[in-house]
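Just so it is clear, none of the values below were taken in a lab; they were calculated from the coordinates. These numbers were taken from a predicted model, which means no experiment stands behind them. When we count neighbours, we look across all protein chains shown, and the Cβ atoms used for this are built from the backbone with ideal geometry, even at glycine.
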Amino acid sequence: MPKIIENVKEKIIIYSKKKLILSGYASLNIRDISKNCDISIGTFYNYFKNKDDLVECIFRNDWDKMIFKIKKLNNTSDLFNDNMLFIYKQLGIFIDNYSSVFYELSINFNNPNCPNNNKFSILYNVMEPLIQTKYINNTISSRQLCELLVSNFIYLHKNPYIEFSKLLDYLLK
């Protein structure tokens, strides 16, 4: 009689995420995952096509969690700075967890299965109602402002040449 393991996919994702963040993409291998999750290699393939499919699932899960948190923000002008700081911090967590993995994957240009990390349109769609250019004196659209803010939030997180609050102060003048 085959053994029944509950929450196999979740178990694979949890172990793999820890391994991915701590050791990087190259150290993540299906044999090790199967062994540590107490499953056969064939069972792994019941849930994921390959390692890249698993990594994309991990990214997508964390990205979706971040988007869910941002969607719950309130759209009021007095909370604008707080909302932007929250988005900045959420992006920072994602960047801290996965920037080295993105770098590692970007080195392998010949990998057609490399997860697409440019799926910011979902974030822009969630941010746009929170941004609304009525809070900022400029001539660009809310969508362009979202793109500007996200790219700057990412850069600023990795290269803190200016304080986050000063960036917002400048934009809100």
| Among Tyr170, Tyr25, which comes first, then next, by fewest other beta-carbon atoms within 10 Å? | Tyr170, Tyr25
| With charges set only on the Cβ (+1 for Lys and Arg, -1 for Asp and Glu), what does the dipole of region 1-48 come to about its Cα centre, in debye to the nearest 20? | 100 debye
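When only Cα pairs under 8 Å and 6 or more residues apart are kept, what is the percent relative contact order across region 1-48? Can you show the working numbers first?
Working: 22 pairs, mean separation 17.0, N = 48.
Computed over region 1-48, the figure is 35 percent.
Once you have a ≥ b ≥ c as the square roots of the Cα gyration tensor eigenvalues for region 1-65, tell me rounded if a/c is under 1.5, and otherwise prolate or oblate according to whether a/b is larger than b/c.
On the way: a/c = 1.87, a/b = 1.47, b/c = 1.27.
It comes out prolate by the Cα gyration axes.
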| task | Enumerate the aspartates and glutamates that Lys89 could reach by cross-link, defined here as Cα to Cα under 20 Å, with residues fewer than 8 away along the same chain left out. | result | Asp62, Asp64, Asp78, Glu128, Glu147, Glu163, Asp169
